[in-house]
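Presented below is the structure to which this report refers.
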Amino acid sequence: MEINLISGALGAEISGIDLKDTSEKNWKIINDLLLEHKVLFFRNQNITAEQQINFAKNFGPLEKHVYVKGREEFPEIIRIIKKPDEKHQWGENWHTDVSYNPKPTKVIILRSIKIPPVGGDTMFSNMELAYETLDSELKEKIKDKKAIHSSLGAAAFVEAYKGMEGNGNIDEYSNSHPIVRTHPETGKKILYVNSMYTKRIEGLDENESDEILKKLYTHQERLDLTCRFKWTENAVAIWDNRSTQHQGLSDFFPGRGLGHERVMDRVAIEGDQPI
Ligand code: SIN
């Protein structure tokens, strides 16, 4: 096995591991690496949709997306499609997946099916490091506070993208979570807000809440807390959705990346209630 870090903050590209091997031993190696590096990348993984699902089940029960319909033959997989003539793609801008759910996703396994020649890299930010490096004044202000996360409704996930199909749910809802959560496996503290879904800090007036959230976003999006993965086809990214946030870059500019399709298959594993 070879492990190559892809930035100083988080992320490692792993070779010499077969994701088709669903043994407890193989999963334990991968989970230990995941807890250490927070996002793992594997290239040239010639796995089928079924094998992706079987591998994912090692981490726990699979989760259906709130708004997006799963693939016909594999309902556990949602296919993320950016059509050739679209500039925007699903998952652009920083976020933690489904942080508006009472129990947001634990781990995501994303497999690349079709990748444009340029554009559409995915970036990740280390939210444990974001908490660690936060100044003590801000740490004091968010201590024991909760923030409200909103699901934004189906429009944001389906109607805005030509290739995405909804599952019929259109309801919008919110849940609140601690701003600093504790990782259930490592016990480490994690900054747990994101600019896509977090709306308001409970118990503060709107101005104060906005001011603190803005400072937190600016801090946690610092480039030195991030890594960036350039996709190739048949690559797999596995990330810990509890201790990271991410974004798919929508840098499809004319003459460089427009006019190409980007297709990814995503499987999500159920998480627990942030505490
Ligand atoms: C996501 O936000 O879950 C997808 C990110 C990507 O397609 O790069």
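The values are calculated or read from the model by the stated rules, or taken from the named source; none is laboratory data. Just so you know, these numbers come straight off a predicted model, no measurement behind them. Positions of Cβ are backbone-derived with ideal geometry, glycine not excepted, and every protein chain shown enters the neighbour counts. The accessibility values were calculated without ligands, DNA or RNA, using every heavy atom of the protein model including side chains. Shrake-Rupley method; radii C 1.70, N 1.55, O 1.52, S 1.80 Å.
Evaluation of Phe74 against the conditions (1) away from the ligand (no atom under 15 Å from the Cβ); (2) part of a helix (DSSP H, G or I) shows that the sole unmet condition is (2). Taking the numbered list (1) more than 15 Å from the ligand (Cβ to nearest atom); (2) open to solvent by 10 Å² or more (accessible area, probe 1.4 Å); (3) outside any loop (DSSP other than H, G, I, E, B) in turn, Leu216 passes all entries but (2).
Would you point out which residue out of Lys114, Lys103, Lys143, Lys87 is within 15 Å of the ligand (Cβ to nearest atom), exposed (fewer than 15 other Cβ atoms within 10 Å of the Cβ) and modelled with pLDDT of 95 or more? Break it down stepwise before answering.
On the way: Lys103 fails: within 15 Å of the ligand (Cβ to nearest atom); Lys143 fails: within 15 Å of the ligand (Cβ to nearest atom); Lys87 fails: modelled with pLDDT of 95 or more.
That would be Lys114, the only listed residue that is within 15 Å of the ligand (Cβ to nearest atom), exposed (fewer than 15 other Cβ atoms within 10 Å of the Cβ) and modelled with pLDDT of 95 or more.
Looking across Ile30, Ile47, one residue alone is of a type outside the set (Gly, Ala, Ser), in a helix (DSSP H, G or I) and crowded, with 17+ Cβ neighbours inside 10 Å. It is Ile30.
Restricting to the stretch 223-248, what's the tally of residues that are in contact (Cβ under 8 Å) with a residue 12 or more places away in the chain and surrounded by fewer than 17 Cβ atoms within 10 Å (Cβ to Cβ)? Before the answer, list the steps.
Just the residues of the stretch 223-248 that are in contact (Cβ under 8 Å) with a residue 12 or more places away in the chain, to begin with: 224-248.
So of that shortlist, the ones also surrounded by fewer than 17 Cβ atoms within 10 Å (Cβ to Cβ) come out as 224, 228, 230, 232-234.
Residues in the stretch 223-248 being in contact (Cβ under 8 Å) with a residue 12 or more places away in the chain and surrounded by fewer than 17 Cβ atoms within 10 Å (Cβ to Cβ): 6 in total.
Can we say Asn207 is in contact with a His (Cβ under 7 Å, 6 or more places away or on another chain), open to solvent by 10 Å² or more (accessible area, probe 1.4 Å) and not in a loop (DSSP other than H, G, I, E, B)? Considered against the rule, which asks whether it is in contact with a His (Cβ under 7 Å, 6 or more places away or on another chain), open to solvent by 10 Å² or more (accessible area, probe 1.4 Å) and not in a loop (DSSP other than H, G, I, E, B), Asn207 comes out as no.
So, in the stretch 249-275, how many residues would count as being assigned to a loop (DSSP other than H, G, I, E, B) and either open to solvent by 10 Å² or more (accessible area, probe 1.4 Å) or touching a helix residue (DSSP H, G or I) at 6+ places or on another chain (Cβ under 7 Å) (or both)? Explain how you work it out, then say what you get.
To start, the set of residues in the stretch 249-275 that are assigned to a loop (DSSP other than H, G, I, E, B) comprises 249-261, 270-275.
If we keep only those that are either open to solvent by 10 Å² or more (accessible area, probe 1.4 Å) or touching a helix residue (DSSP H, G or I) at 6+ places or on another chain (Cβ under 7 Å) (or both) too, we end up with 249-251, 253-256, 258-261, 270-273, 275.
Count: 16.
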